[in-house]
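For reference, the structure is listed below as structure tokens.
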């Protein structure tokens, strides 16, 4: 795990910065449901794209990995969508 982190430091740094940005945006727009839905959809799309690109660059991209990222990104978005609509 540590070797993987050192080898892919830039990629994980991009992911870390993106997560921080999305958290800050969530806090800033916490009272605007439309903005929160847009932020959560963009966050899910970013996560799916990041995961696919990360594995593609490493030569480990398979249909199973692509499906996993798609389903997990969709699940997180649907959970946020459900919570934000109450």
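Values computed for the structure shown
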read-out	value
Check on residue 10, modelled with pLDDT of 95 or more and assigned to a helix (DSSP H, G or I)	no
Cross-chain or 6+ apart pairs with Cβ under 8 Å, the stretch 1-14 first and farther than 13 Å from residue 47 by Cα, then in a helix (DSSP H, G or I) and modelled with pLDDT of 85 or more	5/12; 8/54; 8/58
Residue in the stretch 36-52 that is over 17 Å from the mean Cα position of the chain (by Cα) and part of a helix (DSSP H, G or I) present	no
Within the stretch 43-71, considering residues that are more than 19 Å from residue 4 (Cβ to Cβ) and touching a residue at least 12 places away in the same chain (Cβ under 8 Å), the one surrounded by the fewest Cβ atoms within 10 Å (Cβ to Cβ)	45
Criterion (more than 20 Å from residue 21 (Cβ to Cβ) and free of Cβ contacts under 8 Å to residues at least 24 places away in the same chain) met by exactly one of 31, 86	86
From the options 74, 5, 25, 79, residue that is loosely packed, with under 15 Cβ neighbours inside 10 Å, at pLDDT 95 or above, more than 12 Å from the chain's Cα centre (by Cα) and assigned to a helix (DSSP H, G or I)	79
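The values are calculated or read from the model by the stated rules, or taken from the named source; none is laboratory data. All figures in this text were calculated on a predicted structure; none of them were measured in a lab. Reconstructed Cβ throughout: ideal geometry from the backbone, glycine too, with neighbour counts over all protein chains shown.
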